[in-house]
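Colleague: What follows is a structure written as structure tokens; I'll ask about it next.
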Amino acid sequence: MKVVIIGGSGLIGKKLSTLLQQAGHTVTSASPSSGVNSVTGEGLDQALAGARVVVDVSNSPSFEDEAVMRFFQASTQNLLTAAAKAGVQHYVALSVVGAERVPASGYFRAKIAQESLIKNAKVPYTIVRATQFFEFLMSIAHGSTVGETVRLSSALIQPIAAADVAAALAEVVGQEPLNGTCDVAGPEAVPLDDLIRRVLKANKDPREVVTDADALYFGTRLDDKSLIPDGAARTGKTSLENWLAFSSSPAKA
């Protein structure tokens, strides 16, 4: 069947495209670089023609509060309109575990707005909520660094390899729409401060991690329930240690 991946040139999109092609699907990778712009609607009707499944793994180029909200609202509305017009039978979107529990984050508010549009549309859907990717852990460290000190809370986090997220999405593509959400997370829930210490050590990064219960995570305060699944979740197979051992460049997103 034909599957269109919106954001197909990105981290998850490339991995998902490979998995779906290996499974025998016809895959169209759609992104601005291929002439498809979900924010303006350019090229959407042509890209989605004949598609049975659309997978949205796109992301905003800016994480500024207003910009990210504009991106997800415009992009999602255009995609849903084009999907309905094309007769798409399954709309799959990637979101974030705990988005509704971190309302102080503009990015998470935008993801909730995206989810709301999908739930209120008429296209059958599945929303796959993932925890933070291993590939982004160094970005978390950078965002919490002042000088040579990384200040982080000890709230639990359950990160996952991008390859495992792509595998979960590929599995969902082959299933009937849930018309609901499912969570996917890494195999281990660990305190955020300890996790970043392990990542910095593996990268031979000399920065010191200081535990601070009041430290903000991209502008918001965390607790042990903020970023981990609340209930059952699909679990990725890749541990942090294995990912660090086999990743050619663990510091890169």
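Colleague: Determine if the stretch 223-231 includes at least one residue that is modelled with pLDDT under 95 and either over 26 Å from GLY180 (Cβ atoms) or in a strand (DSSP E or B) (or both).
Modeller: No.
Colleague: Just to be sure, is SER95 in contact with a helix residue (DSSP H, G or I) (Cβ under 9 Å, 6 or more places away or on another chain), in a strand (DSSP E or B) and hydroxyl-bearing (Ser, Thr, Tyr)?
Modeller: For SER95, the condition - in contact with a helix residue (DSSP H, G or I) (Cβ under 9 Å, 6 or more places away or on another chain), in a strand (DSSP E or B) and hydroxyl-bearing (Ser, Thr, Tyr) - is met.
Colleague: Now a separate question. Evaluate the following for ALA84: is it part of a helix (DSSP H, G or I), under 21 Å from THR181 (Cα atoms) and over 17 Å from the mean Cα position of the chain (by Cα)?
Modeller: The answer is yes for ALA84.
Colleague: What about VAL150, is it of a type in the set (A, V, I, L, M, F, W, C), assigned to a strand (DSSP E or B) and either modelled with pLDDT of 95 or more or crowded, with 21+ Cβ neighbours inside 10 Å (or both)?
Modeller: Criteria met by VAL150.
Colleague: Anything in the stretch 153-176 that is crowded, with 16+ Cβ neighbours inside 10 Å, in a loop (DSSP other than H, G, I, E, B) and either within 19 Å of the chain's Cα centre (by Cα) or not small (Gly, Ala, Ser) (or both)? List them, or say none.
Modeller: Of everything in the stretch 153-176, those that are crowded, with 16+ Cβ neighbours inside 10 Å, in a loop (DSSP other than H, G, I, E, B) and either within 19 Å of the chain's Cα centre (by Cα) or not small (Gly, Ala, Ser) (or both) turn out to be GLN158, PRO159, ALA161.
Colleague: So for the stretch 36-45 (the condition being touching a helix residue (DSSP H, G or I) at 6+ places or on another chain (Cβ under 9 Å), of a type in the set (Asp, Glu) and within 20 Å of PHE136 (Cβ to Cβ)), does at least one residue qualify?
Modeller: In the first step, residues of the stretch 36-45 are kept if they are touching a helix residue (DSSP H, G or I) at 6+ places or on another chain (Cβ under 9 Å); the result is 36-45.
Still in the list and also of a type in the set (Asp, Glu): 42, 45.
Cutting the leftovers down to within 20 Å of PHE136 (Cβ to Cβ) gives us none.
Checking the stretch 36-45: not a single residue is touching a helix residue (DSSP H, G or I) at 6+ places or on another chain (Cβ under 9 Å), of a type in the set (Asp, Glu) and within 20 Å of PHE136 (Cβ to Cβ).
Colleague: Which residue out of TYR91, TYR125 is closer than 24 Å to ILE160 by Cβ and touching a His at 6+ places or on another chain (Cβ under 9 Å)?
Modeller: Exactly one of TYR91, TYR125 is closer than 24 Å to ILE160 by Cβ and touching a His at 6+ places or on another chain (Cβ under 9 Å), namely TYR125.
Colleague: Are any residues in the stretch 16-72 modelled with pLDDT under 95, surrounded by fewer than 16 Cβ atoms within 10 Å (Cβ to Cβ) and in a helix (DSSP H, G or I), and if so, which ones?
Modeller: Result: SER33, SER34, ASP65.
Colleague: Residues of the stretch 2-15 being part of a helix (DSSP H, G or I) and either in contact (Cβ under 8 Å) with a residue 24 or more places away in the chain or farther than 16 Å from ALA93 by Cα (or both), which ones?
Modeller: Across the stretch 2-15, the qualifying residues are LEU11, ILE12, GLY13, LYS15.
Colleague: Let me ask another. Farther than 22 Å from ARG207 by Cα, out of contact with any Cys (no Cβ under 9 Å at 6 or more places or on another chain) and among the hydrophobic types (A, V, I, L, M, F, W, C), is that true of ALA155?
Modeller: no
Colleague: Got a sec? Which of SER116, SER75, SER33 is of a type in the set (Ser, Thr, Tyr), without any contact (Cβ under 8 Å) to a residue 12 or more places away in the chain and more than 23 Å from GLY174 (Cα to Cα)?
Modeller: Going through SER116, SER75, SER33 in turn, just one is of a type in the set (Ser, Thr, Tyr), without any contact (Cβ under 8 Å) to a residue 12 or more places away in the chain and more than 23 Å from GLY174 (Cα to Cα): SER116.
Colleague: ALA202 - would you say it is at pLDDT below 95 and under 16 Å from the mean Cα position of the chain (by Cα)? Step through it out loud before you land on a result.
Modeller: Working: at pLDDT below 95: yes; under 16 Å from the mean Cα position of the chain (by Cα): no.
No, not satisfied.
Colleague: What are the residues in the stretch 84-99 that are touching a Phe, Trp or Tyr at 6+ places or on another chain (Cβ under 8 Å) and either touching a residue at least 40 places away in the same chain (Cβ under 8 Å) or not aliphatic (A, V, I, L, M) (or both), if any?
Modeller: HIS90, TYR91, VAL92, GLY98
Colleague: Next question. If you take the residues of the stretch 219-241 that are in contact (Cβ under 8 Å) with a residue 60 or more places away in the chain and among the small types (Gly, Ala, Ser), which of them is surrounded by the most Cβ atoms within 10 Å (Cβ to Cβ)?
Modeller: This residue is GLY236.
Colleague: Which of the residues spanning the stretch 189-213 are touching a strand residue (DSSP E or B) at 6+ places or on another chain (Cβ under 7 Å) and assigned to a loop (DSSP other than H, G, I, E, B)?
Modeller: ALA189, ARG207, ASP212, listed by residue number.
The values are calculated or read from the model by the stated rules, or taken from the named source; none is laboratory data. These numbers come from a predicted model, not from an experiment. Methodologically, a virtual Cβ is constructed for each residue, glycine included, from the backbone with ideal geometry; neighbour enumeration extends over all protein chains shown.
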